[in-house]
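Undergrad: Have a look at the structure that comes next, please.
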Ligand SMILES: NC(=O)c1ccc[n+]([C@@H]2O[C@H](COP(=O)([O-])OP(=O)(O)OC[C@H]3O[C@@H](n4cnc5c(N)ncnc54)[C@H](O)[C@@H]3O)[C@@H](O)[C@H]2O)c1
Ligand SMILES: [Zn+2]
């Protein structure tokens, strides 16, 4: 895998985990390397490309063509776009399709799409014939910055998001920032919330770079995109390398997510993930400020940094529903919600554990102030 040295615009971040280490290639034109990388990831020549109904014709078709031109036998397998289709039924349909198409144990799965595609396609790869290698080609800002990196795959269930899945590290992630040119701005902005989150938990400098670059990125600044995606991936890679299976440090990636998930659920997913996490980060910073863990002024800096993203307001949220959903969060221990708090922008508070208990009255007060 020497391709990153061929195209000087493409930079490489190595993600090291206990089982394996894999490269994330980031930059304009990175997808040119897909055939070479896939050839290196599989012993056979068979490739199953998984994409959604929007991205298939925009980007996956040309990747299939490039794979075929590179001597592979590649077929495209699509599912309807959207979170509503990140479910077991899509997994079943896709795996049946692969079986019908004669995809065997020596095949490789390539996902081309947003986080829904990398999660669902990754889960197909994790389970098909007990596991095929997977190469992710993320096409949304969120998938490049977050979803495609780290090895978590899965689907949603009636009881909640991401409740059925597997850890399955990719062989490589190829984040071609040119592909972002077709991404609708609203989705682009939601992905940048996770970039701000990476800055908030680990690097003040990255936080400021995202804040200052956001408007330009949304207006198509390709060079800026490559730099933000690269630095964001490096932060996630560092955290994942330190804690692959989320027993400790990796939890800091959930900053903003305890409240964010509750807001998403309480709105019946009318509020998108990024928009919900944006509110979650501000409110969790306020919680931290109230109990003296987080430096004063942190919530204000988060609010200011989020402004250029023009996220939709979360109107009409039912406070009691948000509180009810908080109690079903994955981090609930002994029936109490737990929060990742910041010490300040650039540093999560990790002394005495990554998740914090916050008194119910404080949670209620901060929510009442914010949502009323
Ligand atoms: N596995 C993880 O660690 C992890 C981390 C964060 C988020 N996620 C998951 O990621 C998902 C959200 O990802 P998302 O926001 O990318 O959603 P998505 O995959 O639904 O993509 C958003 C929309 O953009 C479209 N799209 C994607 N790329 C495009 C492009 N280049 N041009 C035009 N349209 C494009 C998609 O078709 C879709 O309509 C959630 O399911 C979330 O749970 C997973
Ligand atoms: Zn998230």
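Undergrad: Just the residues that are more than 16 Å from residue 52 (Cα to Cα), within 16 Å of ligand 2 (Cβ to nearest atom) and assigned to a loop (DSSP other than H, G, I, E, B), please, taken from the range 125-153.
TA: Those that are more than 16 Å from residue 52 (Cα to Cα), within 16 Å of ligand 2 (Cβ to nearest atom) and assigned to a loop (DSSP other than H, G, I, E, B): 149, 150, 151.
Undergrad: Let me ask something else. Just to confirm my filter: which strands (runs of 3 or more DSSP E) fall fully inside the range 296-372 and include at least 1 residues that are touching a residue at least 12 places away in the same chain (Cβ under 8 Å) and surrounded by fewer than 20 Cβ atoms within 10 Å (Cβ to Cβ)?
TA: On the way: elements: 338-340, 342-344, 355-357.
Output list reads 342-344, 355-357.
Undergrad: Looking at residue 257, is it within 22 Å of residue 359 (Cα to Cα), within 18 Å of the chain's Cα centre (by Cα) and either within 14 Å of ligand 1 (Cβ to nearest atom) or modelled with pLDDT under 95 (or both)?
TA: Values: within 22 Å of residue 359 (Cα to Cα): yes; within 18 Å of the chain's Cα centre (by Cα): yes; either within 14 Å of ligand 1 (Cβ to nearest atom) or modelled with pLDDT under 95 (or both): yes.
For residue 257, the condition - within 22 Å of residue 359 (Cα to Cα), within 18 Å of the chain's Cα centre (by Cα) and either within 14 Å of ligand 1 (Cβ to nearest atom) or modelled with pLDDT under 95 (or both) - is met.
Undergrad: Is the range 166-187 home to any residue that is touching a strand residue (DSSP E or B) at 6+ places or on another chain (Cβ under 6 Å), touching a residue at least 24 places away in the same chain (Cβ under 8 Å) and over 28 Å from residue 36 (Cβ atoms)?
TA: no
Undergrad: When the range 133-151 is examined, which residues are found to be touching a residue at least 40 places away in the same chain (Cβ under 8 Å) and either surrounded by fewer than 24 Cβ atoms within 10 Å (Cβ to Cβ) or within 7 Å of ligand 1 (Cβ to nearest atom) (or both)?
TA: If the condition is that a residue be touching a residue at least 40 places away in the same chain (Cβ under 8 Å) and either surrounded by fewer than 24 Cβ atoms within 10 Å (Cβ to Cβ) or within 7 Å of ligand 1 (Cβ to nearest atom) (or both), then 133, 139, 140, 142, 143, 146, 150, 151 are the ones that fit.
Undergrad: Which of the strands (runs of 3 or more DSSP E) found entirely inside the range 4-97 contain at least 3 residues meeting this: out of contact with any helix residue (DSSP H, G or I) (no Cβ under 7 Å at 6 or more places or on another chain)? Write out each step before concluding.
TA: Details: elements: 11-16, 21-26, 46-52, 73-79.
Here the list reads 21-26.
Undergrad: Here is a check on your reading of the model: is residue 155 under 14 Å from the mean Cα position of the chain (by Cα) and surrounded by 17 or more Cβ atoms within 10 Å (Cβ to Cβ)?
TA: Numbers: under 14 Å from the mean Cα position of the chain (by Cα): yes; surrounded by 17 or more Cβ atoms within 10 Å (Cβ to Cβ): yes.
So residue 155 passes the test.
Undergrad: Can I ask one more? Got at least one residue in the range 205-223 being within 15 Å of the chain's Cα centre (by Cα) and either outside any helix (DSSP H, G or I) or within 15 Å of ligand 2 (Cβ to nearest atom) (or both)? Reasoning before the result, please.
TA: Going residue by residue through the range 205-223, those that are within 15 Å of the chain's Cα centre (by Cα) are none.
Looking through the range 205-223, none of the residues is within 15 Å of the chain's Cα centre (by Cα) and either outside any helix (DSSP H, G or I) or within 15 Å of ligand 2 (Cβ to nearest atom) (or both).
Undergrad: While we're on this one: Hey, among 100, 119, 106, 96, which residue is surrounded by fewer than 16 Cβ atoms within 10 Å (Cβ to Cβ), at pLDDT 95 or above, closer than 26 Å to residue 32 by Cβ and in the same structural domain as residue 64 (by TED's automatic domain parsing)? Steps first, answer last, please.
TA: On the way: 100 fails: closer than 26 Å to residue 32 by Cβ; 119 fails: surrounded by fewer than 16 Cβ atoms within 10 Å (Cβ to Cβ); 96 fails: closer than 26 Å to residue 32 by Cβ.
From the options 100, 119, 106, 96, the qualifying one is 106.
The values are calculated or read from the model by the stated rules, or taken from the named source; none is laboratory data. Given the structure is predicted, the values throughout are model-derived calculations rather than measurements. Quick reminder, even Gly has a Cβ in these numbers, built from the backbone with ideal geometry, and neighbours come from all protein chains shown.
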